[in-house]
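The values are calculated or read from the model by the stated rules, or taken from the named source; none is laboratory data. Quantities reported herein were computed from a predicted structural model and do not represent experimental measurements. Because the Cβ atoms are built from the backbone with ideal geometry, glycine has one as well, and the counts that use them run over all protein chains shown.
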Amino acid sequence: MKINSIAFCIAFIFLLTSCSPHFTFKNSKLLNDYPSGSGITYFNNNIYLIGDDAGNLLIMDTAFRIADSIRLLESEQKRISKELKPDLEAATVVTINNADEILLVGSGSLSPHRNAGWLINPVNKQQTRLDLNTFYDRLKKDGIDALNIEGITSIPAGIVLSSRGNKSIPANHLIFTSNAFWNNQDSTAIKIIKVGSNTDTAFFNGVSGLEYSKLSDQLLLTVSTENTYNTVDDGTIGKSYLWMINNISAKKNLIAVNPNKIIDLEKLDERFKGHKIESVCIISENKKEMQLVFVSDDDKGTSGLFTVVIKK
């Protein structure tokens with residue numbers, strides 16, 4: 001092992017064991033009738049939740065009471081089959097022509113079904129399906145061998161996505177691109193950087209979701225271990241973490257970036273044990289703390305939601 005790899009591992013362990021943020025577990029809920037929670041975002045006092053094999057976008061208040069849903073795909077199945085599902089893994093709010101819309105994107109891990117996205121107007125619920133083939137092809141040609149988009153979030157003057165690695169290809173990537181990148185996929189700016197280390201494949205930590213804090217310029221990443229060697233199959237659920245990267249706006253031109261803080265969610269509260277955390281959204285924050293909602297997937301058709309408050 002190279003010296004710099006050893007140094008990173010030591011720093012990684014130090015962060016993991018020394019990090020003890022002030023933490024409050026607020027509430028949780030299991031959604032037995034909504035499968036495979038994967039992407040989550042917050043807008044106008046509502047939480048928007050998508051499942052990677054669900055046919056509808058779920059809308060809830062912050063107490064997890066279901067207010068509405070938006071049908072995206074017609075399917076008789078509760079869970080759309082692996083071969084046909086669009087694998088919508090990530091959600092964020094974007095501003096297009098001075099109007100806010102919910103953006104959902106597929107993982108790109110299996111063509112053509114997973115190279116799709118949706119734009120949804122949260123007011124009138126009008127939806128537009130996006131073909132992301134050209135953009136995803138560019139990401140593969142630019143060095144992401146096993147594309148698996150799991151996270152997306154809006155940042156100042158652009159959008160950042162994450163591609164999750166696996167045990168065969170243990171590398172996570174952040175992808176910085178322009179707002180409304182789907183309108184000019186063949187020419188939009190793309191900057192790809194690695195995030196985290198290429199750790200021992202037996203304990204690879206894969207990025208599963210993204211969120212951005214406008215107040216602190218922090219990038220939040222949900223990260224989990226899973227016993228899978230490819231971009232398609234699920235594996236045995238391991239542990240989940242929250243990574244925090246400070247001053248992300250100044251780091252998007254780097255070659256690689258590591259987290260400034262690593263939080264072991266299971267160590268904070270045992271109610272996270274056995275849950276594969278898929279993403280996170282901020283529902284409120286100030287200079288001292290942020291209130292977060294995590295979504296989990298148990299790979300059996302149930303989604304979990306958890307609200308916590310973490311001191312900065």
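Here are the numbers for this structure:
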{"read-out": "Residues within the stretch 298-312 that are within 19 Å of I80 (Cα to Cα) and charged (D, E, K, R), tallied", "value": "3"}
{"read-out": "Subset of the stretch 284-312 that is under 16 Å from N32 (Cβ atoms) and not small (G, A, S) - its residue that is surrounded by the fewest Cβ atoms within 10 Å (Cβ to Cβ)", "value": "K300"}
{"read-out": "Identity of the residue in the stretch 169-194, of a type in the set (G, A, S) and surrounded by 16 or more Cβ atoms within 10 Å (Cβ to Cβ), that ends up modelled with the highest pLDDT", "value": "A180"}
{"read-out": "The stretch 116-136 residues that are hydroxyl-bearing (S, T, Y), paired with ones that are surrounded by fewer than 15 Cβ atoms within 10 Å (Cβ to Cβ) (beta carbon under 9 Å, 6 or more apart)", "value": "T134/D186; Y136/S111"}
{"read-out": "Selection status of S28, in contact with a strand residue (DSSP E or B) (Cβ under 9 Å, 6 or more places away or on another chain), surrounded by 14 or more Cβ atoms within 10 Å (Cβ to Cβ), within 17 Å of G117 (Cβ to Cβ) and modelled with pLDDT of 95 or more", "value": "no"}
{"read-out": "Subset tally (residues that are small (G, A, S) and at pLDDT below 95) for the stretch 251-275", "value": "1"}
{"read-out": "Residue in the stretch 53-67 that is closer than 18 Å to S109 by Cβ and either touching an Asp or Glu at 6+ places or on another chain (Cβ under 9 Å) or modelled with pLDDT of 95 or more (or both) present", "value": "yes"}
{"read-out": "In the stretch 59-82, residue surrounded by the most Cβ atoms within 10 Å (Cβ to Cβ) [restricted to those that are of a type in the set (V, I, T) and outside any strand (DSSP E or B)]", "value": "I80"}
{"read-out": "Output for the stretch 46-58, where each listed residue is touching a residue at least 60 places away in the same chain (Cβ under 8 Å) and outside any loop (DSSP other than H, G, I, E, B)", "value": "N46, I47, Y48, L49, G51, L57"}
{"read-out": "Residue check for E278: modelled with pLDDT of 95 or more and either touching a strand residue (DSSP E or B) at 6+ places or on another chain (Cβ under 8 Å) or more than 18 Å from F23 (Cα to Cα) (or both)", "value": "yes"}
{"read-out": "Count of residues meeting criterion [more than 13 Å from the chain's Cα centre (by Cα) and under 17 Å from R138 (Cα atoms)] in the stretch 162-177", "value": "2"}
